[in-house]
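To keep things clear, I will list the structure first and then write my remarks on it.
Each value in this text was obtained by applying a stated rule to the coordinates, not by laboratory testing. Given the structure is predicted, the values throughout are model-derived calculations rather than measurements. Cβ placement follows ideal geometry from the backbone for every residue including glycine, while neighbour counts extend to all protein chains displayed.
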C-alpha cells in the first residue's frame, strides 16, 4: 500500500473518531438549527399562529411541542458519516456523497417531524403507534435507504470497512511474500563464495593451457 493511501486511510478514521466525541455534540450543534428553523417555516405555512419559543419549543395549534435531541437524530447523521468515511472513494465523490447523505436525511427528517406534529395536535389515535414504530425502526430504515440510493447515484463499488480491511490484508500478504523471496545473510554469503570460487577457477584455467604449450615446445626442441 502506498504512503499516500495509508495517510488517507488514517485521516478518514481519525475524522470519525473526533466526530464521535462528546456524545455527538458536533452533530446536534449543526443539525438542530437546520431542523428547527425549516420546521418552523413549514408549520407556519400550515398555521399562521405558530410561534417558535426558547429551548426549541413550538406553539402550534394550541399545543406546545418540543424538538429534543432524539428528534434531530444526531446518531443517524453519524452513522451516515461512518458509512461514507469507511468506504474508499475519491475526495470529490466523497464530498458530494456526504452532502447528499446529510441533505437527504435532513429533508426526510423535517418532513417526518412535521407529520408527527400534525398528528399530535389533531389527537390522532394512531400517533402513539406510528411514533413508536418510527422511533425504533424508522431512522434505521431511512439511513439504509438513503445509503443505498447514494451508492446507486454515485456508482460506489467499494464496501464500508470491508474494502479497507481487504486492502490492508492483501498488503500484509504481499509484503510477507516479498520477505520470503528475499535471501538471508547466510545464503548471500554462500552465493558470494561460489562466485569467488568460479572467478578463481576462470583465472587458473588459462595458466594450465600455457603450461601445456610450453611443455610441448620443449619436447619438440629435444627431438
Between the stretch 1-52 and the stretch 146-175, the alpha-carbon center distance in angstrom: 24 Å
P(r) weight above 22 Å for the stretch 3-175, C-alpha pairs, percent: 53 percent
Exposure proxy order (Cβ contacts within 10 Å, fewest to most) of 77, 37, 59: 37, 59, 77
Once the Cα gyration tensor of the stretch 93-140 is diagonalised, semi-axes √(5λ) in Å: 28, 12, 4
Neighbour-count ranking [beta-carbon atoms within 10 angstrom, fewest first] of 122, 97, 48, 163: 48, 122, 163, 97
